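The values are calculated or read from the model by the stated rules, or taken from the named source; none is laboratory data. Computed from a prediction, not measured in an experiment: that's the story for all the values here. Cβ: placed from backbone, ideal geometry, glycine included. Neighbour counts: every protein chain shown. Only protein heavy atoms, including side chains, enter the accessible area calculation; ligands, DNA and RNA are left aside. Shrake-Rupley method; radii C 1.70, N 1.55, O 1.52, S 1.80 Å.
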Amino acid sequence: MTNALLAQFIPEARELLERAGSGMLALEKSQSAEALDEIFRAVHTLKGTSGLFDIAPLTHLVHAAEDLLVEVRDGKLALEPEIVDGLLDSLDLVGHWIDVLETREVLPGDAEDAMAGRVAALRGWLQAGGPAAAASTAESQPAPDWLGALPEAERQAAYAAGPPLVAWSYEPDESCFFRGDDPAHLVAQAPGLLGLRVLPQASVPPLETCDPVLSWLRFEVLCAAPVEAVTEHLRYVSDQVQLSPITPGDLIVLEGPEDAAEVFGDFGTRARALVAAGARAELKAAASALLGIIGPATRQAAALRWIAALAATAAADALLRLVCAIDGAPPGAAPTVPPVTAAAAPVAAPVSTGAEAPLRQRAEAILAAQAEMLAVPVEAAQSAGRLESVRTVVRRCLRYLAPTRAEALNAALARSGDAAALVAALRQAENPAPAAATAPVPKAAQKPAAPAAPLPSAPAAEASESGAGAGPARMLRVDQAKVDTLMNFAAELVVAKNGLAYLAGRVEQVSGSRQLGREIKEQYAVIDRIAQSLQVGVMAIRMMPVSQVFQRFPRLVRDTTRKLGKEVELVIQGEDTEADKNVLESLADPLIHMVRNALDHGIETPAERVAAGKPARGTLRLSARQENDNVIIEVADDGKGIDPEVVRDKALRVGLITPEQAAQMAPEEFVNLVFAPGFSTKEQVSDLSGRGVGMDVVRNAVRKAGGDVWLASRLGQGSCVTVQLPLTMAVTRIVTVEARGQQYGVAMDTVAETVRVPRGQIHRIKQRETFVLRDAVIPLVRLADSLGLGAAPGEPPEEEAVMVARIGRERVGIVVDGFRERMEVIVRPLDGLLAGLVGFSGTALLGDGRVLLVLNLPDLI
Amino acid sequence: MALEQDGATIRLTGHCPVEEAEPLLDALRAAPDATVDLTGAAWLHTAVLQVLMVAAPALRGRPDGLVPAACLAGLPIAEAG
């Protein structure tokens, strides 16, 4: 593959699909949020990475699946089996596309159409189940405190647009560009976008050091759209967004310094009258007129602008609240900011009436400032105006003060013109709360930093998510060929070290130095130990848990049983058992075949099961365990079992066995006839199993991998197929035998035992030589004859060396001239001109450099 | 190519994807006084907007839309010509 990135994507995509698929099945079993998150994460990642390549149909399909999952996660959609089917089918399609991508680097031509159909199906569910419970997320939340920072014109436009309104802030995470996000585009496409503010999350990075591919912006956005629509729009960045539905009233945030001019009092009186009279046009005119003569930066000016903008449309109480904000008269329920002195910093958000204590402190601070101001000597002409303004401020502060203090001040205010009395009254309270004068003001001044407050939640969530996604283990993806090469070297080392044993023998022979020979043998032992460890280590790399093969079965069982209308519980045991990757791969197809067989032929329909007194739900047990150098895998069902009579009749009918053979066979032997070529117990060929190929295919595959398979069954109680496979195929233990001066290797696991048989005990039955071993008649084969080596020169020996080998389920005695050593070798298959040679499974290199032919006994006999 | 430099003017045209951000940044670092001409720009990727916000060059023309407007609001406007 030329595209390295794509080459990396493909295994990753497969892994993600696998994870999503198994998660889906887990989810169907028990509605666990964890499984859902797992699927969601897998699908989301897949969608993200697929965006890197020109495979739009794939991305779209995964996208649609993700949308559906979002609904499920939010509890708006129940996970029906049909939806799981749909999602699984979609994942299958994606898996198929990945396969095509791997070979051709482009999606198949029909991908677009296939995608459209699938997406339509997924979206169909989305709409059907969608809006029902959609309102669940719209809980009442306080309006965000940054609302006031939006341009007033935009807020007024939003007020005019009316509900539903949503205010949301969005802080794209730093690396969002790498995922192909364009936050500005996302914001620009938001439904009902009315206004926004863009600001740096922390500070604008300096030009010299800024990295153009890292995002550092924060968006504060106002939308006139239902919260569901906005949530939907932002679903992929939901972890980076804070979203709150707001009321139009939340938009009226008045900011700016307080202006205590008398003229506002007059306006207030007039405005109330106009509101009461419903004379909106006059109200607007009055507000506009007043705006013309005052500075634009004050709170009052802001309120006037709101009145001017809303006079025609807004409700009376909203206008009245604004009027109150202007003249400071006690409002009913005011969304207004407490009146702060001209010196105080602007306050951002409407403060609820619950926060009394800070307000009181602030009011006291204001009063203290007033007292200070009055104490400064000024000319008489100005002092009157100053006193008046202080009186206004004090009056407005009254309602925020402690009742006794308010009374005292009120009394002082009543004596208008008496500045000294007012100062005295103001000073009274300075003492009890001296600290209050300074403390709260800086707090208010911090306002611009306030929007940053909700910051930490998003990055924290991001971190935890990526932490979970990374998984606990550090993995290394290595090309299997590299491991195989390493394995070959390790195996060759094992073989090469055998040479040392020869060497030790030769040293003793040639130089006659036993001492040197012993030292070489000691060295041999050390190298032997290291070589063994190396081999075990490399083998461990290739070892995979059988769960790699097993994990596809939950899906297979689910699909198959749904198709067959059966109910089956799949039990998987020993999935941690490890075996060589090649062995497991060779096992995958036979296992699928066996599982299908068990589901199709073994387990009955629920009705049949109930009639037979069994639970309606059948059980299929897949188990793996290690026994010596073998992996044992069993596929057991509690179905109807196999009837030996039926098998026998069928075998007789198709001529697999003769009636004489049948008479000698035990019931379990009949059952194992299902492995014979061309045998299928079920007459009717079904869609699932028995497509003309039977269990003989299974047996061939397993035998090819150096294993064996057999079946046990009890009629009415179920069957169990047992597969036995070697842990590893790389190194074979052999024993060498001699025939006519030639050495041959025989795999150790086929050799049952070796015996010496006196000539007298060898009997000839018809054409065959036989001998009796522990009351069993064992046929004899002469290796030299089988290999066509010709007759032995001279007299036949008194005793024959016989190797009893297990071939299939039979035992055969093989007469050889002698046994030599046992060793571990790599058996290399015969290739080239020798490939067609019958009787040998391969060659192996001996320690002294000779080539040994390894016999394949079943061929020879 | 969406980015062209013509003397003291850097011109962004059409759709400016994230890939334009780096060359733009380099160009603006090399010529801090350059004017950026956005009259022909249809859409600026967030990363491009960010670079403009950092470098704050004088701008000629603004792309349509509330979002670019909000991002580039504080940037000076180049005199015509």
- Message: Under 16 Å between alpha carbons, and skipping anything fewer than 8 positions from A:Lys704 in its own chain: which aspartates and glutamates qualify?
- Response: A:Asp580, A:Glu585, A:Asp589, A:Asp696, A:Asp749, A:Asp859
- Exposure of A:Ser511 as accessible area (Å², to 10), given a probe of 1.4 Å and all protein chains: 80
- Item | Positive-end extreme of charge dipole, region A:546-726 - chosen from A:Gly618, A:Gln548, A:Ala663 (charges on Cβ) | A:Gly618
- Query: For region A:559-672, with only Lys/Arg (+1) and Asp/Glu (-1) charged at the beta-carbon, what is the dipole magnitude about the Cα centre, in debye rounded to 20?
  - Reply: 580
- Message: Output wanted: per-residue J couplings in Hz (rounded whole) for region A:263-278, from phi through Karplus 6.51 cos²θ - 1.76 cosθ + 1.60, θ = phi - 60°, x for Gly and Pro.
- Response: 4, 5, x, 4, 4, x, 4, 5, 4, 4, 4, 5, 4, 4, 7, x
- Message: From the phi angles alone, apply the Karplus equation (6.51, -1.76, 1.60; θ = phi - 60°) to region A:595-611 and give each ³J(HN,Hα) in whole Hz, x where the residue is Gly or Pro.
- Response: 5, 4, 4, 4, 6, 7, 9, x, 7, 7, 6, x, 4, 4, 5, 4, 4
- Item | Point-charge dipole on Cβ atoms (K/R +1, D/E -1) for region A:772-832, about Cα centre, debye to 20 | 360
- For region A:5-46 and region A:535-610, compute the distance between their C-alpha centroids and round to whole Å. 20
- Note on the structure: Using a 1.4 Å probe on heavy atoms of the protein chains only, the accessible area for A:Glu645 in Å², nearest 10, reads 100
- Accessible area per residue, 1.4 Å probe, Å², for the protein assembly as shown: what's the number? 49
- Inter-part distance where region A:771-850 and region A:147-190 are each reduced to a Cα centre, Å: 83
- Query: Does chain B come out rounded, prolate or oblate by the C-alpha gyration tensor, with a ≥ b ≥ c the root eigenvalues, rounded set by a/c under 1.5 and, if not, prolate when a/b is larger than b/c and oblate if not?
  - Reply: rounded
- Once label points are set 7 Å from the Cα along Cα→Cβ at both A:Gln767 and A:Asp589, what is their separation, rounded to one decimal in nm? 3.5
- Query: How far, in degrees from 0 to 90, does helix A:457-470 lean away from the longest principal axis of the Cα atoms of chain A, to the nearest 10?
  - Reply: 0
- Query: Can you list residues whose amide H is under 5 Å from A:Val854's amide H, if they're 5+ apart or on another chain and H is modeled 1.01 Å from N?
  - Reply: A:Gly745, A:Ser841, A:Gly842, A:Thr843, A:Ala844
- Long-range amide H partners of B:Ala58, meaning residues 5 or more apart or on another chain whose placed amide H is closer than 5 Å, are B:Val36
- Normalised by the number of residues in chain A, what is the relative contact order in percent for Cα pairs under 8 Å and 6+ residues apart? 7
- Query: Cα axis of helix A:111-129 to longest principal axis of chain A: angle in degrees, 0 to 90, nearest 10?
  - Reply: 50
- Under the 7 Å Cα-to-Cβ spin-label approximation, A:Glu262 and A:Arg820 lie apart by a distance in nanometres of 12.7
- Pop out the ³J(HN,Hα) list for region A:818-835 in order, Karplus 6.51 cos²θ - 1.76 cosθ + 1.60 with θ = phi - 60°, rounded to Hz; leave Gly and Pro as x. x, 9, 10, 7, 9, 7, 9, 9, 9, 8, 9, x, 6, 9, x, 5, 7, 4
- Between rounded, prolate and oblate, where does chain A land on the alpha carbon gyration tensor, with a ≥ b ≥ c its root eigenvalues, rounded for a/c under 1.5, else prolate if a/b exceeds b/c? prolate
- Given R₀ = 56 Å, FRET efficiency for A:Asp785-A:Ala33 by Cβ-Cβ distance, to 0.05? 0.20
- Query: For chain A, which whole percent of the accessible surface, found with a 1.4 angstrom probe, sits on carbon and sulfur atoms?
  - Reply: 55
- So if R0 is 30 Å, what FRET efficiency would A:Val213 and A:Asp145 give, r being the distance between their Cβ atoms, rounded to the nearest 0.05? 0.45
- If one takes the longest principal axis of the Cα atoms in chain A, at what angle in degrees, from 0 to 90 and to the nearest 10, does the Cα axis of helix A:299-310 lie? 80
- Message: Skipping prolines and chain starts, which residues have an amide H placed within reach, meaning under 5 Å, of the one on B:Ala41, given they are 5 or more residues away or on another chain?
- Response: B:Gly14
- Message: Report the gain in length on full extension from A:Thr754 to A:Gln664: 0.36 nm times residue separation, minus Cα-Cα distance, nm rounded to one decimal.
- Response: 29.6 nm
- Message: Going by Cα centres, region A:228-272 and region B:3-81 are how many Å apart?
- Response: 32
- Message: In region B:1-40, what residues drop by 50 Å² or more of accessible area when the other protein chains are put back, versus the chain on its own? Use 1.4 Å, and skip ligands and nucleic acids.
- Response: B:Arg29
- Note on the structure: With -39,500 (n - 2.57) per DSSP H segment of 4 or more residues and division by the full residue count of chain A, the 222 nm estimate, nearest 500 deg cm²/dmol, is -15000 deg cm²/dmol
- Query: A:Arg811 versus A:Ile530, label points 7 Å from Cα toward the beta carbon: distance in nm?
  - Reply: 4.4
- Task: Go through A:Ala525, A:Phe675, A:Ala13 and say which Cα lies farthest out towards the positive end of the charge dipole of chain A; charges sit on Cβ, +1 for Lys and Arg, -1 for Asp and Glu.
- Result: A:Ala525
- Task: Kindly identify residues of region A:174-195 having a loss of at least 20 Å² in accessible area between the isolated chain and the assembly of all protein chains, probe radius 1.4 Å.
- Result: A:Phe177, A:Asp182, A:Ala184, A:His185, A:Ala188, A:Leu193
- Query: For region A:546-726, rounded, prolate or oblate, judged on the Cα gyration tensor with a ≥ b ≥ c (square roots of eigenvalues), a/c < 1.5 rounded, else prolate if a/b > b/c?
  - Reply: oblate
- Query: Total accessible area buried between chains B and A, 1.4 Å probe, in Å² to the nearest 100?
  - Reply: 1900
- Message: Run the numbers for A:Arg73 and A:Arg514: contour at 0.36 nm per residue of separation, minus the present Cα-Cα distance, in nm.
- Response: 151.0 nm
- Cβ-placed point charges (K, R +1; D, E -1), dipole of chain A about Cα centre in debye, nearest 20: 860
